[in-house]
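See below for the structure under consideration.
The values are calculated or read from the model by the stated rules, or taken from the named source; none is laboratory data. This structure is a prediction, so every number in the text was calculated from the model and none was measured. We place every Cβ from the backbone using ideal geometry, glycine too, and count neighbours over all the protein chains shown.
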Amino acid sequence: VSIEKFIEGIPKIELHLHIEGTFEPELMFKIAKRNNKEIKYSTVDELKSAYSFNNLQEFLDIYYAGANVLIEEQDFYDLTWAYLTKVHTQNLVHTEIFFDPQTHTDRGISFDTVIKGIHRALEDGREKLGITYKLILSFLRHLDEASAFETLHQALPYKKWISGVGLDSSEVGNPPSKFERVFTKAKEEGFITVAHAGEEGPAEYIWEAVNLLKVTRIDHGNRCLEDDRLVKLLADLQIPLTLCPLSNLELKVIDDLKKYPLPEMIDKGLLVTINSDDPAYFGGYMNENYIGIAQALNLSKKQITELVKNSFKASWLSDKEKEKKI
Ligand code: ES4
Ligand code: ZN
């Protein structure tokens with residue numbers, strides 16, 4: 001079979017996905033209408049034509065604007081359920097997803113409303129579609145430490161639903177060190193930690209994520225390649241990188257998929273995984289990310305299989321859960 005069909009058929013795992021980034025324009029208009037919320041654009045096509053970004057911040061501005069129409073628990077359910085039914089058609093068997101509570105609590109939506117809708121859809125996805133999941137609460141790094149602490153406190157009653165905490169949003173100028181105390185507290189409370197680092201920010205931010213936030217994975221991490229000592233550390237400790245090829249292309253982290261440094265990363269022993277980040281905004285879910293990178297770099301089926309195996313290894317599934325999926 002062709003590499004495309006091979007990719008479509010193989011059971012896959014996603015480790016870097018923002019649920020707010022799965023908000024497709026059609027659903028956005030539908031939910032906006034029932035909530036009497038304005039969208040700046042009058043048609044789906046007009047909205048889609050605004051999806052052209054020169055950097056991370058230009059994307060984030062549009063991404064936060066889109067999330068504005070989410071009000072009711074059912075909206076968060078519908079958002080999450082739409083994502084799950086979509087990826088079910090792509091043979092996704094497990095997903096570890098981020099949600100950004102502050103994007104909603106800052107607009108007066110309660111933490112409870114957000115997590116209840118998302119969790120109910122995730123449970124339905126597990127029961128009806130067989131997709132297992134972990135949920136990761138991600139702090140917005142452009143907001144202050146106090147806001148992150150408040151969010152962590154709001155999460156404590158829902159500990160059993162949340163596996164870990166992460167760090168996303170505007171990277172440059174908001175280093176991991178800003179959240180060291182929040183992450184220390186989160187770890188004390190039993191959360192696993194991850195952080196976006198080295199997407200636009202420097203290698204130094206990856207060092208901080210590892211040394212100060214004690215992360216088990218780095219989200220993106222592209223710029224580790226600028227620091228040989230760091231690459232050696234990540235390879236020695238097998239700290240996974242959750243790479244997002246189409247995201248990197250759309251946000252101009254790279255200018256051509258053909259130049260994606262995946263072969264170099266693999267050569268250097270890094271545990272790399274392929275993910276979709278914000279698929280509604282970047283032109284593709286898991287299959288499209290794998291196919292994009294496979295075509296650009298002429299990857300073999302064996303190499304694709306290795307990437308999928310890396311995702312199993314990098315996931316938070318227990319060994320027993322992994323066995324059931326193979
Ligand atoms: C994000 Cl691609 C990316 N980077 C940082 N923060 C984000 N939030 C949603 N997508
Ligand atoms: Zn991300």
*Do we have any residue at all in the stretch 10-18 that's under 21 Å from the mean Cα position of the chain (by Cα), away from ligand 2 (no atom under 16 Å from the Cβ) and assigned to a loop (DSSP other than H, G, I, E, B)?*
yes
*Got at least one residue in the stretch 186-202 being of a type in the set (Ser, Thr, Tyr) and either in a helix (DSSP H, G or I) or modelled with pLDDT under 95 (or both)?*
no
*Checklist (1) surrounded by fewer than 17 Cβ atoms within 10 Å (Cβ to Cβ); (2) within 21 Å of MET28 (Cβ to Cβ) applied to GLY269, failing item*: (2)
*Give the residue, chosen from TYR83, TYR77, that is under 21 Å from GLU24 (Cβ atoms), of a type outside the set (D, E, K, R) and within 16 Å of ligand 1 (Cβ to nearest atom).*
TYR83
*Can you work out which of the residues in the stretch 89-113 that are within 25 Å of ARG217 (Cα to Cα) and in a helix (DSSP H, G or I) is nearest to ligand 1 (Cβ to nearest atom)?*
THR103
*What number of residues within the stretch 270-285 are more than 14 Å from ligand 2 (Cβ to nearest atom) and either outside any loop (DSSP other than H, G, I, E, B) or small (Gly, Ala, Ser) (or both)?*
3
*Options THR95, THR89, THR43; residue that is within 18 Å of MET286 (Cβ to Cβ), surrounded by fewer than 14 Cβ atoms within 10 Å (Cβ to Cβ) and of a type outside the set (A, V, I, L, M)*: THR89
*Restricting the stretch 210-249 to residues that are among the basic types (Lys, Arg) and touching a strand residue (DSSP E or B) at 6+ places or on another chain (Cβ under 8 Å), the residue that is nearest to ligand 2 (Cβ to nearest atom)*: ARG217
*Can SER247 be described as touching a Phe, Trp or Tyr at 6+ places or on another chain (Cβ under 9 Å), crowded, with 21+ Cβ neighbours inside 10 Å and in contact (Cβ under 8 Å) with a residue 60 or more places away in the chain?*
no
_Meets criteria (on the phi > 0 side of the Ramachandran plot and either within 18 Å of the chain's Cα centre (by Cα) or free of Cβ contacts under 8 Å to residues at least 60 places away in the same chain (or both)) for GLY108_ = yes
*Are any of the residues in the stretch 123-130 under 28 Å from PHE183 (Cβ atoms) and touching a residue at least 12 places away in the same chain (Cβ under 8 Å)?*
no
_Tally up the residues in the stretch 247-272 that are polar (S, T, N, Q) and farther than 15 Å from SER52 by Cβ, please._
1
*Kindly indicate whether any position in the stretch 249-263 is in contact with a Gly (Cβ under 9 Å, 6 or more places away or on another chain), of a type outside the set (Phe, Trp, Tyr), more than 24 Å from THR305 (Cβ to Cβ) and within 16 Å of ligand 1 (Cβ to nearest atom).*
yes
*Does any residue in the stretch 303-326 that is free of Cβ contacts under 8 Å to residues at least 60 places away in the same chain come within less than 7 Å, Cβ to Cβ, of a residue that is hydroxyl-bearing (Ser, Thr, Tyr) six or more places away or on a different chain, and which pairs are these?*
LEU307/THR273
*Scope the stretch 130-174; condition within 16 Å of ligand 1 (Cβ to nearest atom) and in a loop (DSSP other than H, G, I, E, B); matching residues*: ARG141, HIS142, LEU143, SER169, SER170, GLU171, VAL172, GLY173, ASN174
*So, of the residues in the stretch 175-185 that are of a type outside the set (D, E, K, R) and in a helix (DSSP H, G or I), which turns out to be farthest from ligand 2 (Cβ to nearest atom)?*
THR184
